[in-house]
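> Right, I'll just put the structure down here and ask away after.
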Amino acid sequence: MGGALLFTVPAFMIAKKHGRTLLNIDIAMPTKNDIDAPLLGGAAMFGIGWGLGGLCSGPAISALSFGLEKPFIFVATMTVGMFSFGLFSKKVDGLNG
């Protein structure tokens, strides 16, 4: 984590100062900083999934290369959850809007 921050923090500082990346791509920094129910619910679900599965999403995808059963099950259920959320959120947006 420290090694990643060593490179990421200065890179973000430079990019924010110039408003563009080294590849000349515009930067769109998030402006929302509210702590709301969807944020807390998502964080809780992420933590519960991590605790139950014993894997975090990024390392789980990397662990697929080992060919073990647990990462495959974890990534498969994570993928189903992401698609389910996409379907569910569209239905809820349709009801609210």
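The values are calculated or read from the model by the stated rules, or taken from the named source; none is laboratory data. Bear in mind the structure is a predicted one, so any value in this text is a computation, not a measurement. For neighbour counting, all protein chains shown are included, and Cβ atoms are generated from backbone atoms with ideal geometry for every residue, glycine included.
> Does K90 qualify as being modelled with pLDDT under 85 and part of a helix (DSSP H, G or I)?
yes
> Within the stretch 48-63, which residues are part of a helix (DSSP H, G or I), hydrophobic (A, V, I, L, M, F, W, C) and surrounded by 14 or more Cβ atoms within 10 Å (Cβ to Cβ)?
Correct list: W50, A60, I61, A63.
> Can you spot a residue in the stretch 55-63 that is more than 18 Å from the chain's Cα centre (by Cα), modelled with pLDDT of 90 or more and under 25 Å from M1 (Cβ atoms)?
Scanning the stretch 55-63, I find no residue that is more than 18 Å from the chain's Cα centre (by Cα), modelled with pLDDT of 90 or more and under 25 Å from M1 (Cβ atoms), so the answer is no.
> Restricting to the stretch 64-81, name every residue that is within 26 Å of M1 (Cα to Cα) and either under 15 Å from the mean Cα position of the chain (by Cα) or in a helix (DSSP H, G or I) (or both).
Those that are within 26 Å of M1 (Cα to Cα) and either under 15 Å from the mean Cα position of the chain (by Cα) or in a helix (DSSP H, G or I) (or both): L64, S65, F66, K70, P71, F72, F74, V75, M78, T79.
> Being surrounded by 10 or more Cβ atoms within 10 Å (Cβ to Cβ) and either assigned to a loop (DSSP other than H, G, I, E, B) or touching a Phe, Trp or Tyr at 6+ places or on another chain (Cβ under 8 Å) (or both) is the filter here, so list the residues in the stretch 21-45 that pass it.
Answer for the stretch 21-45, where residues must be surrounded by 10 or more Cβ atoms within 10 Å (Cβ to Cβ) and either assigned to a loop (DSSP other than H, G, I, E, B) or touching a Phe, Trp or Tyr at 6+ places or on another chain (Cβ under 8 Å) (or both): T21, I27.
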